[in-house]
1. For residues that are touching a residue at least 24 places away in the same chain (Cβ under 8 Å), within 38 Å of the chain's Cα centre (by Cα) and open to solvent by less than 40 Å² (accessible area, probe 1.4 Å), tally how many sit in region 36-50.
2. Checking SER311 against (1) open to solvent by 50 Å² or more (accessible area, probe 1.4 Å); (2) in contact with a strand residue (DSSP E or B) (Cβ under 8 Å, 6 or more places away or on another chain); (3) at pLDDT below 85; (4) closer than 17 Å to GLY373 by Cβ, which single condition isn't satisfied?
3. Scanning region 51-80 for residues that are over 30 Å from the mean Cα position of the chain (by Cα) and within 12 Å of ARG19 (Cβ to Cβ), which turns out surrounded by the most Cβ atoms within 10 Å (Cβ to Cβ)?
4. With respect to ARG318, is the statement that it is buried (at least 17 other Cβ atoms within 10 Å of the Cβ), at pLDDT 80 or above and in contact with a strand residue (DSSP E or B) (Cβ under 6 Å, 6 or more places away or on another chain) true?
5. Can you name every residue in region 50-101 that is among the basic types (Lys, Arg) and modelled with pLDDT of 85 or more?
6. Working carefully through the options THR155, THR89, find the one that is touching a residue at least 12 places away in the same chain (Cβ under 8 Å), part of a helix (DSSP H, G or I), under 19 Å from ALA41 (Cα atoms) and in contact with a helix residue (DSSP H, G or I) (Cβ under 8 Å, 6 or more places away or on another chain).
7. Among the candidates PHE33, PHE15, PHE27, which residue alone is surrounded by 15 or more Cβ atoms within 10 Å (Cβ to Cβ), among the aromatic types (Phe, Trp, Tyr) and farther than 27 Å from ARG379 by Cα?
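The values are calculated or read from the model by the stated rules, or taken from the named source; none is laboratory data. In this text the structure is predicted, and so the values were computed from the model without any measurement. Here the Cβ positions follow ideal geometry from the backbone for every residue, glycine too, while neighbour counts run over all protein chains shown. These accessible areas exclude ligands, DNA and RNA; they are computed on the full protein's heavy atoms, side chains included. Shrake-Rupley method; radii C 1.70, N 1.55, O 1.52, S 1.80 Å.
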Amino acid sequence: MQRIPIESSRPIIVFALARLAVALVAFVAVVIFGFPAHGRAAVVLAVFVLWSAGLLLAAREKPDPALHPLVPAVDFALLLALELAVPETLIAVRLAALFLIAAHAHFQGERRGIMIAAGGSIALIAGSAIRGDAPVDSDLLAFYEAVFLLSALATSVVVGLLRTSESTSRLRARELSRRTMQAESEVRRRVAESIHDGPVQELIGLDMILSAARSKTEENEVGELIEEARDLVGRNVRALRDEIVDLGPYAFRELTFTTAIETCLPVWQRRYGLEVRLAIERVELAPELANDLFRIVQEAVVNAGRHAEASRVELSLRTVNSDVELRVADDGKGFNGTTRFGNSEPGHLGLQSMRERAELMDGELEIESSNRGTRVLVRAPLRQP
């Protein structure tokens, strides 16, 4: 199971698919089994199918229209029309109404959910009373309707409260993650600057002194010692510069995503023995988005080289409609096809970090892993710089 970002349109699409499936099954059942007055029921259900299909198309393109307050009004109007046309559908209509009430309370929120539950259930109960030819006697019908009304209101309250609590908790967690990652970036920047301005510069100065001393000495033994010292200095300078690169570029307002990757490429290849293949489109990325995407690439490459023992990594970046898609695939040994984000084993904290960054971008993260390698796929809205 995957935790879906709060802003994701996937639950809206699933709801639209479920509504369409219910309408289609009901329509097919009426046509095949010849339900009483199936002609009138088929007409209403056909309209419901068309309405549901239209909402599904709208949800796939843009989720906002599918969340308009008029949508539940149309849903319950169609249910009322079905009940008025064929009173024998009363029980089925009530069950469908509870499903719609729960779903709309989840998407519309607690207050609107209660209003939808009250308005929809009262409209259905009033319609049944006006028609007056329900398939059950009046006393039993009154009991059914009372239970239905209370169930509808209780469903809307519980689902709405759960949604509100979940959203509040996840938004707080997101803000905490954002602040933590901002603090981490600031610490990385300071450490990188300290290494560059301190030890690296001192070692470079020491190398220059040793070089001058070597040119002025004529004793072979002393010269060899100086050369060894220079080699040691050179190795430490390269190691410190590699660490600076690993800490990551911070001037994303001046550097493009491609430049940042190309800067790190030689270090990754030398440190992990990886062959890194790039296929990066020229995409204008906002600095925050470029930073988060770079961090995900960095985690994926480090996992491939350090834990998966991969020999090749393929990295691609492209636009898909209004989204940016990042794909990082390696040929390493993988991790048994699981994405245990909470696990503290080596590499899995990096996976947790990737997921959190994807959520901060309002995007989605997919990870597939097997003994043939691991693929990391990120899709996020393309925010313009």
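1. 4
2. (3)
3. Top of the filtered list is LEU79.
4. Values: buried (at least 17 other Cβ atoms within 10 Å of the Cβ): no; at pLDDT 80 or above: yes; in contact with a strand residue (DSSP E or B) (Cβ under 6 Å, 6 or more places away or on another chain): yes.
Against the criterion (buried (at least 17 other Cβ atoms within 10 Å of the Cβ), at pLDDT 80 or above and in contact with a strand residue (DSSP E or B) (Cβ under 6 Å, 6 or more places away or on another chain)), ARG318 does not qualify.
5. Of all residues in region 50-101, those among the basic types (Lys, Arg) come to 60, 62, 94.
The one that is among the basic types (Lys, Arg) and modelled with pLDDT of 85 or more: ARG94.
6. Details: THR155 fails: under 19 Å from ALA41 (Cα atoms).
None of the others qualify; the one that does is THR89.
7. Working: PHE33 fails: surrounded by 15 or more Cβ atoms within 10 Å (Cβ to Cβ); PHE15 fails: farther than 27 Å from ARG379 by Cα.
Just one listed residue meets the conditions, PHE27.
A quick yes/no check of all residues on (1) modelled with pLDDT of 80 or more; (2) loosely packed, with under 12 Cβ neighbours inside 10 Å:
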{"site": "ALA103", "(1), (2)": "yes, no"}
{"site": "GLY113", "(1), (2)": "yes, no"}
{"site": "ALA117", "(1), (2)": "yes, no"}
{"site": "ASP137", "(1), (2)": "no, yes"}
{"site": "LEU149", "(1), (2)": "yes, no"}
{"site": "LEU153", "(1), (2)": "yes, no"}
{"site": "ARG163", "(1), (2)": "no, no"}
{"site": "GLU175", "(1), (2)": "no, yes"}
